[in-house]
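S.K.: Provided herewith is a single structure, encoded as structure tokens, for subsequent inquiry.
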Amino acid sequence: MLARVLRSRLATLLFLAAVIAVIPFLAPSAFYLRVAAVVWVFALAALGLTILMGYAGQVSLGHAGFLGIGGYAVAIGPAQFGLHPVLCLGLGAVLAGVIAYLVGRPILRLKGYYLAIATLGFGVILALVFHSESQWTGGPDGMQVARVTLFGWRLSGAANWYWVTGGALLIGAWLALNIGVSPTGRALKALHDSEVAAAGAGIDVGSRKLAAFVIAAVYAAVAGGLMAAMNGLITPDAASFMHSIELVAMVIIGGLGSVLGAVVGAAFLVVLPQALTFMHEYEQAVLGLLIMVFMILLPAGIVPTIRNWLLERLS
Amino acid sequence: MSLLSVEGLGISFGGVVAVDNVGFAVEAGQVFSIIGPNGAGKTTLFNLVTGIYTPLRGRVTMNGELLTGLPPHVLARRGMSRTFQNLQIFFRMSALENVMVGRHMAERSSLLADLFGLPASGRQNGVTRDAALALLARVGLADVAQATAGSLSYGALKRLEIARALAADPKVLLLDEPAAGCNAVETEAIDHLIGEIAKSGIAVVLIEHDMKLVMKISDRVLVLAQGRRLAEGTPREVRENPAVIAAYLGEHGTREADRAHG
Amino acid sequence: MAEFLQLVFSGLTVGAVYALVALGFTLIYNASDVINFAQGDFVMIGGMGTVFLAAAGIALPLAALIAIVGAVLVGLLLHRLAIEPARGASPVALIMITIGASIFIKGVAQIVFDKQFHSLPAFSGDAPIAVGGATILPQSLWVLGVALALFVALFLFLEKTLLGKALLATAANRLAARLVGVNVTIILALAFGVSAAIGAIAGVVVTPITLTRYDVGTLFALKGFAAAMVGGMGNPLGAVVGGLLIGLLEAFGAGYISSTYKDAVAFVVILLVLFFMPRGLFGGRSVERV
Ligand SMILES: Nc1ncnc2c1ncn2[C@@H]1O[C@H](COP(=O)(O)OP(=O)(O)OP(=O)(O)O)[C@@H](O)[C@H]1O
Ligand SMILES: [Mg+2]
């Protein structure tokens with residue numbers, strides 16, 4: 001019984017919803033809500049990688065580039081074209097999807113380290129574009145993002161953004177869970193284990209990888225747009241290599257292919273630097289050390305390790 | 001016009017000719033076996049027929065339709081299905097899910113339905129699951145349906161691959177050493193299974209080293225040696241063919257001699 | 001023409017450093033299948049170590065030597081503490097481990113050293129030498145000369161010494177190497193040590209030209225990785241060609257087009273190469289076995 005619960009989609013969603021609902025009552029100040037909102041946004045981006053890396057087994061070391069596309073769409077659209085931010089969030093997602101489709105076609109033929117360097121290069125180039133095209137992006141200092149108003153109601157304050165990002169995360173988790181148990185998800189997991197066998201079963205391996213890449217790009221772009229709107233600021237740093245690495249680290253530390261894992265991984269890597277601010281000097285060293293230690297000692301990731309432990313105790 | 005027809009197929013790797021001008025034809029309901037010593041090019045021939053390698057020369061047709069150069073997933077959609085000598089199992093999935101993947105081509109649900117978890121997606125899952133369970137029962141793996149594939153025995157995995165290949169409802173089924181590493185009982189079961197599959201109208205192309213099995217169930221046998229076709233005919237014709245005897249006895253004889261002297 | 005030659009000089013100089021970093025990648029990859037993202041940090045340790053030791057009053061050659069030995073120690077520790085324990089991990093996990101190591105090294109470097117840019121005095125003065133209408137800095141000659149010497153030394157080591165041959169054998173087939181009695185663990189450690197030394201030496205000679213800081217390793221690693229892949233992963237000659245090619249194209253791009261996207265050149269090159277040749281320039285067309 002409990003074993004089934006641990007595997008069920010609904011249970012995962014309810015658990016996540018409960019966590020999101022409870023935190024505001026436990027948080028001592030708005031600051032904690034802000035941090036939590038950042039976690040939700042990063043978790044949303046990481047969920048895209050859960051589909052791409054966890055299900056389909058394709059690495060992307062440049063995924064923060066799509067974060068940047070979403071962020072700058074929400075910044076540039078209203079500022080330069082007078083478009084509504086919510087519309088721009090959608091446009092950014094579409095744009096990221098289209099770019100992922102165009103770039104993914106040639107890139108996803110590559111395997112292993114070749115795929116790694118190609119996605120990495122793509123991300124670095126995007127970050128450089130954001131950095132250099134200052135007439136559009138404001139250059140290295142980035143640009144302000146106009147406040148969002150919805151039906152005359154101004155979206156601001158930690159609490160409001162907490163609910164918006166938490167809601168977005170829930171929707172993202174719901175979609176990722178759906179895909180996971182569907183025919184599409186089975187096809188992705190199949191090509192992860194054996195591309196020849198998947199193709200032998202009639203799966204168009206290339207187009208399925210591309211679909212996963214596009215979906216992951218859209219997740220990142222929506223997350224990037226929310227983040228920019230929430231912060232009221234976007235800088236090229238959003239698309240940096242370091243951010244791409246952090247996204248991958250979130251997915252792996254939390255547990256590759258696990259939806260809850262993406263959230264736990266995001267929480268870990270977002271909260272940790274906050275917790276370390278008192279020893280600011282050591283922040284980077286500790287971060288690097290923790291990534292190494294987790295990869296070596298807990299290769300399956302936090303959530304699958306806990307789940308397997310629970311399942312074992314039950315049986 | 002044969003169901004599957006292969007003509008003058010050839011490929012080489014870095015100057016080494018692995019398959020050289022090989023042809024054969026298989027009819028629906030037939031068991032067509034390919035035998036030959038290790039490295040003869042049997043698996044390579046399968047890889048050429050199923051589109052994993054692109055042939056340098058020759059053509060593959062099914063019911064007269066030219067298939068040469070098409071990618072594997074397209075060939076699968078035309079009714080070609082296979083198992084692998086070196087297991088290609090989805091190790092992280094359950095046995096059931098492995099076979100469900102095999103039903104992929106029969107599945108009718110869109111990416112959007114899958115994303116939003118629409119009822120169509122769930123219904124499709126149910127249909128696929130039932131079909132996959134039936135196939136697992138057919139190969140004798142019903143009781144391990146929920147087990148992770150990675151935890152199954154070698155013999156079980158061999159049968160799992162057959163179930164997955166059958167799930168695609170193929171017209172042609174290519175089996176690469178399905179009985180390798182299986183004990184006598186398992187081999188017997190596979191023998192039975194192949195007979196049933198052929199009886200259902202599927203053309204079976206079989207690579208196998210177990211001569212007893214081959215001679216018993218094959219309608220025709222093709223003998224390969226060093227990439228070339230050495231002989232073809234009924235099991236009896238092949239068994240009595242002097243060239244085949246020389247090739248096999250030659251190999252066997254040398255080994256016996258070695259043993260005697262060693 | 002003079003401008004062209006000038007660009008060639010500067011392109012070759014940076015290209016030589018990329019080539020050395022790429023060689024480090026290749027060496028470790030061949031021995032262990034690991035892509036070591038901390039490779040660029042060896043360059044930083046070589047440069048920063050020398051700067052700080054020299055500032056402490058140690059003579060430059062000795063300071064450089066100590067810094068290089070320090071980098072080798074870091075390389076050996078990296079192998080012993082992070083790579084060995086993760087044996088058998090997936091490629092992505094190994095990438096993340098070395099990236100974690102790289103972040104860690106940078107984190108420690110900003111504590112041990114500082115966050116400022118530093119330079120070293122040029123080894124043989126700053127007076128430019130005129131060549132065919134263009135000029136070349138004596139330090140560039142140092143970089144090119146040292147790089148050439150390292151290429152030759154590495155070639156001789158791999159082809160002529162028993163240890164080098166053992167390394168190549170391990171690269172070709174780890175199991176077979178183990179069976180004929182090669183101690184694979186020592187070979188892997190050796191690869192990490194030598195790669196660290198190559199990176200650190202590159203760091204020492206290039207610091208007078210490019211300056212150094214705790215985080216310069218990232219760009220070196222990314223571009224060196226791209227350079228190593230341009231030629232096809234695991235091919236030492238390809239790594240050298242890739243490094244020089246990227247250095248030259250960067251210089252030409254900056255000189256003739258715009259310097260804004262100088263850092264993008266390496267990645268545009270690698271994307272174009274992989275687009276047409278998915279296994280790099282010298283990667284061949286091997287067919288995957290099933
Ligand atoms: N992708 C490849 N690259 C290089 N050589 C290959 C490749 N595939 C097959 N070969 C070579 O082709 C020849 C035939 O191999 P193949 O696997 O087809 O033999 P086989 O008849 O299936 O043998 P076995 O009975 O051992 O399975 C061998 O010499 C093999 O080394
Ligand atoms: Mg074979």
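The values are calculated or read from the model by the stated rules, or taken from the named source; none is laboratory data. Predicted, not measured: the structure shown is a model, and the values here were computed from it. Note that we place each Cβ from the backbone using ideal geometry, even for glycine, and neighbour counts take in every protein chain shown. Each accessible area value is taken on the protein alone, full model and side chains, heavy atoms only, with ligands, DNA and RNA left out. Shrake-Rupley method; radii C 1.70, N 1.55, O 1.52, S 1.80 Å.
S.K.: May I ask for log10 I(q)/I(0) of the protein assembly as shown at q = 0.11 Å⁻¹, from a Debye sum over the Cα atoms as equal point scatterers with solvent left out?
M.R.: -1.33
S.K.: Percent of accessible area on chain C owned by carbon and sulfur, 1.4 Å probe?
M.R.: That fraction is 71 percent.
S.K.: If you don't mind, there's one more thing I want to ask. Residues of B:116-122, mean number of Cβ from any other protein chain within 10 Å of their own Cβ, rounded to a whole number?
M.R.: Taking the mean over all residues of the peptide, I get 4.
S.K.: Can you give the accessible area per residue of chain B, in Å², using a 1.4 Å probe?
M.R.: 44
S.K.: Now for a different question. When only C-alpha pairs under 8 Å and at least 6 residues apart count, what is the relative contact order of chain B, in percent?
M.R.: Once normalised by length, the contact order is 26 percent.
S.K.: Which helices, counted as full DSSP H runs in chain C, have an axial Cα extent of no less than 18 Å and a Kyte-Doolittle average of 1.0 or above?
M.R.: For chain C, where a helix must reach 18 Å along its axis and average at least 1.0, the hits are C:2-32, C:39-55, C:60-77, C:91-112, C:138-160, C:184-210, C:217-230, C:236-252.
S.K.: What part of the accessible area of the stretch A:62-203, given as a whole %, is carbon or sulfur when the probe is 1.4 angstrom?
M.R.: 68
S.K.: May I pose another question? Let me confirm one metric for peptide A:201-212, namely the mean number of other chain beta-carbon atoms within 10 Å of its residues' beta-carbons.
M.R.: For this peptide, the per-residue mean of nearby foreign Cβ atoms is 5.
S.K.: I'd like the distance between the alpha-carbon centres of the stretch C:137-157 and the stretch B:123-197, rounded to an integer number of Å.
M.R.: 61
S.K.: To the nearest hundred square angstrom, how large is the accessible surface buried between A and B, total for both chains, probe 1.4 angstrom?
M.R.: Protein heavy atoms only, the A-B interface buries about 2400 Å².
S.K.: What pairs from B:Lys171/B:Lys216; A:Lys189/B:Lys171; B:Lys158/B:Lys212; C:Lys106/C:Lys223 go past 24 Å between their alpha carbons?
M.R.: Flagged as over cut-off: A:Lys189/B:Lys171.
S.K.: Additional query: Treat every Asp and Glu Cβ in the protein assembly as shown as -1 and every Lys and Arg Cβ as +1, leave all other atoms uncharged, and give the resulting dipole magnitude about the Cα centre to the nearest 20 debye.
M.R.: Value, rounded to 20: 1020 debye.
S.K.: Can you give me the relative contact order of chain C as a percent, contacts being Cα pairs under 8 Å and 6 or more apart?
M.R.: This gives 36 percent for chain C.
S.K.: Run the simple label-point estimate for C:Leu5 and B:Glu196 please: 7 Å along Cα→C-beta, distance reported in nm.
M.R.: Computed distance between label sites C:Leu5 and B:Glu196 equals 8.3 nm.
S.K.: How long is the gain from C:Ser119 to C:Asn183 if the chain were fully straight, where each residue apart is worth 0.36 nm and the alpha carbon distance is subtracted?
M.R.: Length difference between fully extended and current span is 19.0 nm.
S.K.: If you put +1 on each Lys and Arg Cβ and -1 on each Asp and Glu Cβ, how big is the dipole of the stretch C:2-216 around its Cα centre, in Debye rounded to 20?
M.R.: The calculated dipole for the stretch C:2-216 is roughly 540 debye.
S.K.: Going by amide H atoms built from the backbone, whose H comes under 5 Å of the H on C:Leu281, apart from near neighbours?
M.R.: C:Gly231, C:Gly232
S.K.: Right, next: Pairwise over distinct Cα atoms, reciprocal of the mean inverse distance: report the Kirkwood radius of the stretch C:2-216 in Å, one decimal place.
M.R.: 18.0
S.K.: Could you order peptides A:281-291, C:121-131 by the average number of other Cβ atoms within 10 Å of their residues, highest first?
M.R.: Those peptides, ordered most packed to least, come out A:281-291, C:121-131.
S.K.: Can you run phi through the Karplus equation (6.51, -1.76, 1.60; θ = phi - 60°) for the stretch A:60-75 and list ³J(HN,Hα) in whole Hz, with x for Gly and Pro?
M.R.: Per-residue couplings from phi come out as 10, 9, x, 5, 4, x, 6, 4, x, 4, x, x, 5, 4, 6, 7 Hz.
S.K.: Using helices alone, what [θ] at 222 nm do you get for chain C, with -39,500 (n - 2.57) per DSSP H run of 4 or more residues, divided over all residues and rounded to the nearest 500?
M.R.: Estimated from H runs of four or more residues: -23000 deg cm²/dmol.
S.K.: Please turn the phi angles of the stretch A:78-92 into ³J(HN,Hα) values with the Karplus equation 6.51 cos²θ - 1.76 cosθ + 1.60 (θ = phi - 60°), one per residue in order, whole Hz, x for glycine and proline.
M.R.: Working through the residues one at a time gives x, 5, 9, 10, x, 7, 6, x, 5, 4, 5, 4, x, 4, x Hz.
S.K.: Could you compute how much accessible area chains C and A hide from each other, both sides summed, with a 1.4 Å probe? Nearest 100 Å² is fine.
M.R.: 3600
S.K.: Give the accessible area for C:Arg213 in Å² (nearest 10); use a 1.4 Å probe, count only protein heavy atoms, and leave out ligands, DNA and RNA.
M.R.: C:Arg213 has an accessible surface of roughly 70 Å² with all protein chains in place.
S.K.: I'd like the distance between the alpha-carbon centres of the stretch A:240-302 and the stretch A:71-144, rounded to an integer number of Å.
M.R.: Spelled out, the Cα-based centre of one part sits 24 Å from the other.
S.K.: Taking Rh as the Kirkwood radius, which is the inverse of the mean 1/r over Cα pairs, what is the Rg/Rh value for the stretch A:1-87?
M.R.: 1.08
S.K.: Using a simple spin-label model with points 7 Å from Cα along the Cα→Cβ vector, what separation in nm is obtained for A:Leu10 and C:Ile111?
M.R.: Label-label distance for A:Leu10 and C:Ile111, simple model: 5.0 nm.
S.K.: Which whole number gives the average, over all residues in C:76-89, of C-beta atoms from other chains lying within 10 Å of the residue C-beta?
M.R.: Mean partner shielding for this stretch: 2.
S.K.: Tell me, rounded to the nearest percent, the portion of alpha carbon pairs in the stretch A:120-217 spaced more than 21 Å apart.
M.R.: The proportion of pairs with Cα distances above 21 Å equals 62 percent.
S.K.: Please compute the alpha carbon radius of gyration of the stretch A:46-179, then divide it by the globular-protein estimate 2.2 N^0.38 Å. Two decimals is fine.
M.R.: 1.17
S.K.: Ignoring ligands, DNA and RNA, please state the percent of accessible area on the stretch B:90-169 from carbon and sulfur, probe 1.4 Å.
M.R.: 58
S.K.: Per the Cauchy relation, a quarter of the hull surface: what is the mean projected area of the convex hull of the alpha carbons in the stretch C:233-283, in nm²?
M.R.: Quarter of the Cα hull surface area: 3.4 nm².
S.K.: What does the charge add up to near A:Pro273, with Lys and Arg as +1, Asp and Glu as -1, over the other residues with Cβ less than 12 Å from its Cβ?
M.R.: Summing Lys and Arg as +1 and Asp and Glu as -1 gives -2.
S.K.: Hey, another quick one. P(r) for the stretch B:90-169, please, calculated from all Cα pair distances in 5 Å bins and given in %.
M.R.: 3, 18, 27, 22, 15, 9, 5, 1
S.K.: Could you sort A:249-259, C:196-206, C:86-96, B:218-228 so that the peptide with the highest average Cβ count within 10 Å comes first and the rest follow in order?
M.R.: C:196-206, A:249-259, B:218-228, C:86-96
S.K.: Going through the stretch C:224-262, which chymotrypsin sites (Phe, Trp or Tyr not before Pro) have at most 13 other Cβ atoms within 10 Å and a DSSP loop state?
M.R.: none
S.K.: log₁₀ I(q)/I(0) of the stretch B:31-84 at q = 0.23, 0.28 Å⁻¹, via Debye over equal Cα point scatterers, no solvent, to two decimals?
M.R.: Debye output, listed in q order: -0.96, -1.25.
S.K.: Which cross-chain or sequence-distant (5 or more) residues have an amide H under 5 Å from the amide H of B:Arg82, H modelled 1.01 Å from N in plane?
M.R.: Residues meeting the amide H criterion: B:Leu174.
S.K.: Can you give me the accessible area per residue for chain A, using a 1.4 Å probe, in Å²?
M.R.: 39
S.K.: For the stretch B:163-233, take every pair of Cα atoms, bin their distances at 5 Å starting from 0, and report each bin as a whole percent.
M.R.: 3, 14, 27, 26, 17, 10, 3
S.K.: FRET efficiency for B:Tyr154 and B:Thr54, Cβ-Cβ distance as r, R0 = 35 Å, nearest 0.05?
M.R.: Result of the calculation: an efficiency of 0.65.
S.K.: Picking from C:Gly57, C:Gly280, C:Gly243, which is most flexible by a Gaussian network model of chain C using Cα springs under 10 Å?
M.R.: Taking springs between Cα atoms under 10 Å, the residue moving most is C:Gly57.
S.K.: Under the rule of at least 5 residues apart or a separate chain, name every residue whose amide H is placed under 5 Å from the amide H of B:Ile52.
M.R.: Residues meeting the criterion, in which the H sits 1.01 Å from N, do not exist here.
S.K.: Continuing with the same structure: Please give the residues from the stretch A:167-184 for which the solvent-accessible area of heavy atoms, probe 1.4 Å, is smaller by at least 10 Å² with all protein chains in place than with the chain isolated.
M.R.: Buried by 10 Å² or more upon assembly, which counts only protein chains, are A:Trp174, A:Leu175, A:Asn178, A:Ile179, A:Val181, A:Ser182, A:Pro183, A:Thr184.
S.K.: With unit charges on the beta carbons (Lys and Arg positive, Asp and Glu negative) and the dipole taken about the Cα centre of chain A, which residue among A:Leu102, A:Met143, A:Tyr282 sits farthest to the positive side?
M.R.: A:Leu102
S.K.: Taking accessible area as the heavy-atom solvent-accessible surface of the protein chains with a 1.4 Å probe, which residues of the stretch A:102-135 lose no less than 30 Å² upon going from the isolated chain to the full protein assembly?
M.R.: A:Pro106, A:Arg109, A:Leu110, A:Tyr113, A:Tyr114, A:Ile117, A:Leu120, A:Val124, A:Ile125, A:Leu128, A:Ser132
S.K.: Counting protein heavy atoms only and a 1.4 angstrom probe, how many square angstrom of accessible surface do chains C and B bury in total, to the nearest 100?
M.R.: That pair of chains buries around 400 Å² in total.
S.K.: Looking at the protein assembly as shown, what % of its DSSP beta bridges pair antiparallel, to the nearest 5?
M.R.: Antiparallel: roughly 65 percent of the beta bridges in the protein assembly as shown.
S.K.: Can you quote the Å³ per residue value for the convex hull of the Cα atoms in the stretch A:2-314, rounded to an integer?
M.R.: In the stretch A:2-314, the Cα hull volume divided by residue count equals 146 Å³.
S.K.: Taking a cut-off of 15 Å between Cα atoms, list the aspartates and glutamates near A:Lys209, but don't count ones fewer than 8 places away on the same chain.
M.R.: A:Asp193, A:Glu195
S.K.: How high is the relative contact order of the stretch C:208-275, in percent, with contacts defined as C-alpha pairs under 8 Å that are six or more residues apart?
M.R.: The value is 27 percent.
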